[in-house]
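This report refers to the structure that appears directly beneath it.
Each value in this text was obtained by applying a stated rule to the coordinates, not by laboratory testing. Keep in mind it's a predicted model, so treat the numbers as computed, not measured. Here the Cβ is made from the backbone with ideal geometry for all residues, glycine too, and neighbour counts use every protein chain on show.
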Amino acid sequence: MELPVVAPIVNIEGKTLHEFEGFQFAIFPRQGGHAPELDNLDNLLILGRTLGRIHKLGSASDFSHRPEISLQRFGIDNVEYLLENNFIPKSLQEAYTTLTQDLLQRLETIKSQNEFNHIRVHGDCHSGNILWRSNAPHFVDFDDTAMAPAIQDLLSLHTSYI
């Protein structure tokens with residue numbers, strides 16, 4: 001299945017990931033385009049179909065070395081980190097703790113009542129990571145790919161629309 005993404009250049013050794021003095025990098029071809037017009041229903045239809053194709057391919061197998069977007073990693077762990085490292089002012093800690101406990105409990109309830117299939121997703125799918133050219137999207141910036149429910153990409157795209 002061919003997808004409209006800006007893929008890294010493959011060198012003569014067949015590699016796309018390179019290293020120089022301890023820094024890893026990839027080289028991409030220059031790709032023109034602009035952010036999609038998200039208030040255009042035709043564009044939204046094309047974006048939806050394209051994301052559907054990306055997610056179909058993403059559901060074919062799991063990542064071996066990518067994180068999972070989960071309630072533990074993006075909720076519980078972050079709340080604990082902020083509290084343990086004194087990022088929340090003492091005057092707000094009680095309110096913050098109460099609020100986050102309530103929110104995390106509600107999210108846990110939603111999670112327990114629903115089945116979420118984790119697939120390979122873009123992970124940072126907002127309009128700034130889509131180059132619109134020749135009436136088609138070209139997706140870039142896959143460095144935040146992760147295992148997550150497909151809705152993750154739609155939520156990221158939705159915040160671009162608001």
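Quick notes
- Per-residue Cβ neighbour counts within 10 Å put Val10, Val140, Val121 in the sequence Val10, Val140, Val121, beginning with the fewest.
- Looking at the stretch 90-162, the chymotrypsin sites (Phe, Trp or Tyr not before Pro) that sit in a DSSP loop and have at most 15 other Cβ atoms within 10 Å of their own Cβ are Phe116.
- Cβ-based charge dipole, the chain, positive-most Cα from Gly48, His18, Phe74: Gly48
- Crossing angle, helix 90-113 versus the chain [Cα axis fit, 0-90 degrees, rounded to tens]: 60 degrees
- Cα centroid separation, the stretch 80-142 to the stretch 15-46 (Å): 22 Å
- With θ taken as phi - 60° and the Karplus curve 6.51 cos²θ - 1.76 cosθ + 1.60 applied, the whole-hertz 3J(HN,Hα) list for the stretch 22-36 is x, 9, 9, 7, 10, 10, 10, x, 6, 10, x, x, 9, 4, x Hz, x standing for glycine and proline.
- Helix 151-161 axis, angle to the chain major axis (alpha carbon atoms, nearest 10°): 80 degrees
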